[in-house]
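Undergrad: Take a look at this one; I'll ask things after.
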Amino acid sequence: MNQQEASRIDLFLETLQHLSEHTRKSYQRDLKVLLEFVNAQEVNQWQELDGRQIRSFVAWRHRQGIGGRSLQRNLSATRAFYRYLIGAGVAQHNPAEGVQAPKSPKVLPKLLDVDQAAQLLQIDTKDPLAIRDKAILELMYSSGLRLSELVMLDLDSLDLTDAVVTVVGKGKKTRAVPVGKYARNAIKQWLKCRDKMANNEELAVFVSQRGSRISRRSIQQRLQQWAIKQGLTNHVNPHMLRHSFASHLLESSGDLRAVQELLGHADISTTQVYTHLDFQHLANVYDDAHPRAHKKKS
């Protein structure tokens with residue numbers, strides 16, 4: 001494929017400025033792989049690609065060990081790219097339409113149970129960094145925030161009087177989420193320390209020792225350190241606190257729509273994974289408690 005045709009990928013990516021950097025990079029990676037495949041097939045123009053070749057592309061990626069979710073993302077990027085090409089008059093049809101990726105087995109997210117969450121959050125020290133970390137962990141578990149949402153949180157997004165935090169989620173969608181009592185108390189303690197640590201005119205709620213906005217990597221490392229220090233044996237990451245928030249809330253309320261709103265999921269099917277977690281919990285209770293759920297010990 002000549003340089004002009006290949007450069008259409010870059011032109012397409014320039015139209016995606018409304019999306020997050022992470023999403024744009026994913027599109028770029030997916031289309032780079034598609035270009036590699038197309039060149040191997042000696043396709044000269046994008047309009048020459050057909051559905052049979054796209055299915056061959058999916059099969060080729062699958063043989064490389066790429067799972068169903070990643071293949072579905074490859075196809076989504078390809079469909080979006082071809083919609084752009086059709087709009088630009090470069091292609092007449094979308095070869096990825098109707099092509100399906102093989103399904104992957106559903107992998108349930110790992111989470112902490114209620115006792116483990118409480119154990120992790122029992123941080124009792126006057127060290128400013130520990131006070132900050134406690135506020136971070138309490139807020140993530142209290143409000144189910146994504147790591148990126150927490151990192152980008154500014155002071156004017158917090159309303160401790162009304163117990164609400166306003167975050168910008170995926171697709172730059174804004175949502176307001178309640179903040180629990182323990183999280184509010186932890187944040188108030190942190191704000192007393194923050195002014196001594198933050199640089200002038202720094203807007204971030206959570207800052208590093210250098211006084212600037214804390215990084216994702218720093219939170220990940222600090223959380224794992226606290227998990228070890230608090231005696232948790234399993235690996236703990238920030239998303240586990242979000243998963244734990246959702247599962248514990250659903251287990252208590254049974255209100256899937258409310259959990260969807262709090263998590264900021266555009267599609268309720270994304271939230272429904274937590275119904276499987278909740279059923280798994282109930283199944284474990286049944287296995288442990290019902291007299292006919294297991295064989296009698298001899």
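The values are calculated or read from the model by the stated rules, or taken from the named source; none is laboratory data. Here the structure is a predicted model, which is why all the values come from computation and not from measurement. Neighbour counts run over all protein chains shown; Cβ positions are idealised from the backbone, glycine included.
Undergrad: Any idea which residue in the range 127-147 is nearest to V207 (Cα to Cα), counting only those that are touching a His at 6+ places or on another chain (Cβ under 9 Å) and modelled with pLDDT under 90?
TA: R146
Undergrad: Looking at R257 and the list (1) closer than 20 Å to L111 by Cα; (2) not assigned by TED's automatic domain parsing to the domain that holds K170, which single condition is not satisfied?
TA: Answer for R257: the failing condition is (1).
Undergrad: Can you find even one residue in the range 87-101 that is under 29 Å from M240 (Cβ atoms), at pLDDT below 90, not in a helix (DSSP H, G or I) and not basic (K, R)?
TA: Yes; the residues of the range 87-101 include at least one that is under 29 Å from M240 (Cβ atoms), at pLDDT below 90, not in a helix (DSSP H, G or I) and not basic (K, R).
Residue by residue, here is whether (1) touching a residue at least 12 places away in the same chain (Cβ under 8 Å); (2) in contact with a helix residue (DSSP H, G or I) (Cβ under 9 Å, 6 or more places away or on another chain); (3) part of a strand (DSSP E or B); (4) crowded, with 17+ Cβ neighbours inside 10 Å holds:
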{"position": "R175", "(1), (2), (3), (4)": "yes, yes, yes, no"}
{"position": "A186", "(1), (2), (3), (4)": "yes, yes, no, yes"}
{"position": "W190", "(1), (2), (3), (4)": "yes, yes, no, yes"}
{"position": "N199", "(1), (2), (3), (4)": "yes, no, no, no"}
{"position": "R217", "(1), (2), (3), (4)": "no, no, no, no"}
{"position": "Q221", "(1), (2), (3), (4)": "no, no, no, no"}
{"position": "G231", "(1), (2), (3), (4)": "yes, yes, no, no"}
{"position": "R242", "(1), (2), (3), (4)": "yes, yes, no, yes"}
{"position": "A246", "(1), (2), (3), (4)": "yes, yes, no, yes"}
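Undergrad: Next question. Quick check on L203: is it touching a residue at least 40 places away in the same chain (Cβ under 8 Å), surrounded by fewer than 16 Cβ atoms within 10 Å (Cβ to Cβ), in the same structural domain as S143 (by TED's automatic domain parsing) and among the hydrophobic types (A, V, I, L, M, F, W, C)?
TA: yes
Undergrad: Moving to a separate point now. Of L137, L145, which residue is assigned to a loop (DSSP other than H, G, I, E, B) and surrounded by 23 or more Cβ atoms within 10 Å (Cβ to Cβ)?
TA: L145
Undergrad: With respect to D115, determine if the residue is within 25 Å of the chain's Cα centre (by Cα), outside any loop (DSSP other than H, G, I, E, B) and either without any contact (Cβ under 8 Å) to a residue 24 or more places away in the chain or on the phi > 0 side of the Ramachandran plot (or both).
TA: Criteria met by D115.
Undergrad: Is the range 65-75 home to any residue that is under 21 Å from the mean Cα position of the chain (by Cα), in contact (Cβ under 8 Å) with a residue 24 or more places away in the chain, assigned to a helix (DSSP H, G or I) and within 30 Å of L158 (Cα to Cα)?
TA: no
Undergrad: Tell me whether the range 47-54 contains one or more residues that are of a type in the set (A, V, I, L, M, F, W, C), closer than 25 Å to P102 by Cβ, at pLDDT 90 or above and under 23 Å from the mean Cα position of the chain (by Cα).
TA: No - not one qualifying residue is present in the range 47-54.
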